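Notes to accompany the following structure.
The values are calculated or read from the model by the stated rules, or taken from the named source; none is laboratory data. Treat the numbers as computed from the prediction; the structure is a model and nothing was measured. Cβ placement follows ideal geometry from the backbone for every residue including glycine, while neighbour counts extend to all protein chains displayed.
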Amino acid sequence: MEINLPKGTHDVILDEARAYDRIETVFKAAADLYGFNEMRTPVIEHTELFVRSVGDSSDIVRKEMYTFKDKGDRSITLRPELTAGIMRSIVNNKLYATQDLPLKAYYVGPAFRYERPQLGRYRQFNQFGVEAVGVTSPYSDAEVIMLGFNALKMLGFEDITLKINTLGDEASRNNYRVALKEYFAHHLEGMCEDCKVRYEVNPLRILDCKVPEDQKIVEDAPKMSDYLSPEAKDRFDAILALLDAFSVPYEIDENLVRGLDYYSHVVFEYHYTTKKGVNVGAMGAGGHYDNLISDLGGPALSGVGFACGIERVYALLKDDELLVDTKETTDFYVMPMGEEALQDGFMVGAALRAAGYRTEVCLENKNFKTMFKRAERKGSRFAIIIGDDEIKTETVTMKNMATQEQFKVAYGDLIAKADELFDLEDEEHHHHHEE
Ligand code: AMP
């Protein structure tokens, strides 16, 4: 009997895997452009890490974590996001003391949340993200917001919607929370069960409730902007001024509060709607945090970061046909005609690969038509035909797959000929020899 995938997981194969790889490569290139370095942290962490950072009032910690006891009776959790692990690593390795600030890290890898699977929502998904830690300036916030925006543009998205809001400092937030509680106390009865819990643990979270009836109640709720301290307002305005100066369009969304407890000051999300009208929710999201490092036993350093969901980015790029270079390509497809020719074909293949050419040799005894079809499916530039005549004369017949033009090349001239052929190709096919 076949065994199926666990609910909410998915395989990434063939063209899709190539697309994922390209998406990650572009994200990394963007982060590299801004001076960020990669960090890789474990998929498993102590449960306590997420309780303390993501926060026990968040949906993630309350009901979405994959938590289990290991054989040593420790409570272990599959990371539901990657920021916490990065912060733990910064504290454990005292990077704040040995590296220049801000510490600028990027990461990519799987995260796990026990959510209800739906469009753009998986139980295992991949995140790319960055964190800049240790510089309090609003310039750092603006830099990270722009990095995310530019990375998404580099991927091919136009008309990205940047939603932005400020949660203010702790004092602003405490005052606002009191006002929200007062307001929602009169409406709570008709609201969803989740909101009733949020009311107790973190009333700000009610603001991004997705239940339509609750949204109507939220419309008339007090606004964060009326509770900001002058410093918090100045800080937000400074970020917006930078975005204006660099023509990064944004929409202020006063109900944007984010589902993780560690944020303060600026929070933001990147959205995109495809031409067909598909919207998978935020492609990426992030914000500023003040206590994350200190809550994990490090010094009082603030930071800013975002995470993008690779699955969502992929789905949107695909829907708008913005995926490029995902088809498989090969330089040479070697077609030995008959058992005997395989020996020479195998040798020719090895020589071409040693010279850096992507080469596939047909290892099965197939007729010409079948092999030619396979060469086409492989996206080969040239087919190399080796039959009895070729073995005798130690030459191959080469066929340009695009033009159908055919010519003979002596075994000894193969690499020189390949170099000549690929020198004639346009820039993007140059990579072989120059590396
Ligand atoms: P968050 O860590 O919740 O701020 O999410 C950051 C980004 O990760 C989101 O904008 C999504 O693109 C992606 N993401 C979060 N949860 C999921 C999920 N369950 N499935 C797929 N992508 C997700």
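What helices (runs of 4 or more DSSP H) lie completely within the range 121-222 and have 3 or more residues being modelled with pLDDT under 95? Steps first, answer last, please.
On the way: elements: 138-154, 170-185, 193-201, 212-219.
Answer list for the range 121-222: 170-185, 193-201, 212-219.
Within the range 232-273, the set of residues being charged (D, E, K, R), in a loop (DSSP other than H, G, I, E, B) and surrounded by 17 or more Cβ atoms within 10 Å (Cβ to Cβ) comprises D253, R258, D261. Among the residues making up the range 256-275, a single one is of a type in the set (G, A, S) and more than 9 Å from the ligand (Cβ to nearest atom): S264.
Filtering the range 286-306 to residues that are among the small types (G, A, S) and crowded, with 24+ Cβ neighbours inside 10 Å leaves G286, G287, G303, G305. Against the conditions (1) more than 26 Å from M87 (Cα to Cα); (2) within 15 Å of the ligand (Cβ to nearest atom); (3) in contact with a strand residue (DSSP E or B) (Cβ under 7 Å, 6 or more places away or on another chain), T330 satisfies every one except (2).
Which one is surrounded by the fewest Cβ atoms within 10 Å (Cβ to Cβ) among residues in the range 384-408 that are free of Cβ contacts under 8 Å to residues at least 40 places away in the same chain and closer than 16 Å to E339 by Cα? For the range 384-408, the residue satisfying everything is K392.
Residues that are of a type in the set (F, W, Y) and out of contact with any Asp or Glu (no Cβ under 9 Å at 6 or more places or on another chain) number at least 2 in the following helices (runs of 4 or more DSSP H) confined to the range 361-430: 368-377.
Residue-level analysis places I239 among those that are touching a Pro at 6+ places or on another chain (Cβ under 9 Å), of a type in the set (V, I, T) and more than 16 Å from the ligand (Cβ to nearest atom). For the range 276-292, the set of residues classified as of a type in the set (V, I, T), within 21 Å of G129 (Cβ to Cβ) and more than 8 Å from the ligand (Cβ to nearest atom) is empty. Scanning the range 1-21 for residues that are within 25 Å of K327 (Cβ to Cβ), surrounded by fewer than 13 Cβ atoms within 10 Å (Cβ to Cβ) and within 16 Å of the ligand (Cβ to nearest atom) yields a single hit, D11. Just one residue in the set E254, E311 is in contact (Cβ under 8 Å) with a residue 12 or more places away in the chain, touching a helix residue (DSSP H, G or I) at 6+ places or on another chain (Cβ under 8 Å) and acidic (D, E); that residue is E254.
Looking only at the range 72-94, filter to residues that are polar (S, T, N, Q) and either within 16 Å of the ligand (Cβ to nearest atom) or assigned to a helix (DSSP H, G or I) (or both); which one of those is surrounded by the fewest Cβ atoms within 10 Å (Cβ to Cβ)? That would be N92. Of the residues making up the range 9-18, those that are touching a residue at least 24 places away in the same chain (Cβ under 8 Å) and either within 17 Å of G109 (Cβ to Cβ) or touching a strand residue (DSSP E or B) at 6+ places or on another chain (Cβ under 6 Å) (or both) are T9, H10. Residue pairs whose Cβ atoms lie under 9 Å apart, separated by 6 or more positions or on different chains, with the first residue in the range 43-66 and more than 12 Å from the ligand (Cβ to nearest atom) and the second assigned to a helix (DSSP H, G or I) and of a type in the set (K, R), are E45/R88; H46/R88; L49/R88; D56/R62; S57/R198; S57/R205. Across the range 318-337, a minimum of one residue is classified as on the phi > 0 side of the Ramachandran plot, charged (D, E, K, R) and part of a loop (DSSP other than H, G, I, E, B). Looking at the range 293-308, which of the residues that are outside any loop (DSSP other than H, G, I, E, B) and under 15 Å from V144 (Cβ atoms) is nearest to the ligand (Cβ to nearest atom)? Out of the qualifying residues, it is A307. Residue count for the range 338-360 satisfying the condition of being in a loop (DSSP other than H, G, I, E, B) and at negative phi: 3.
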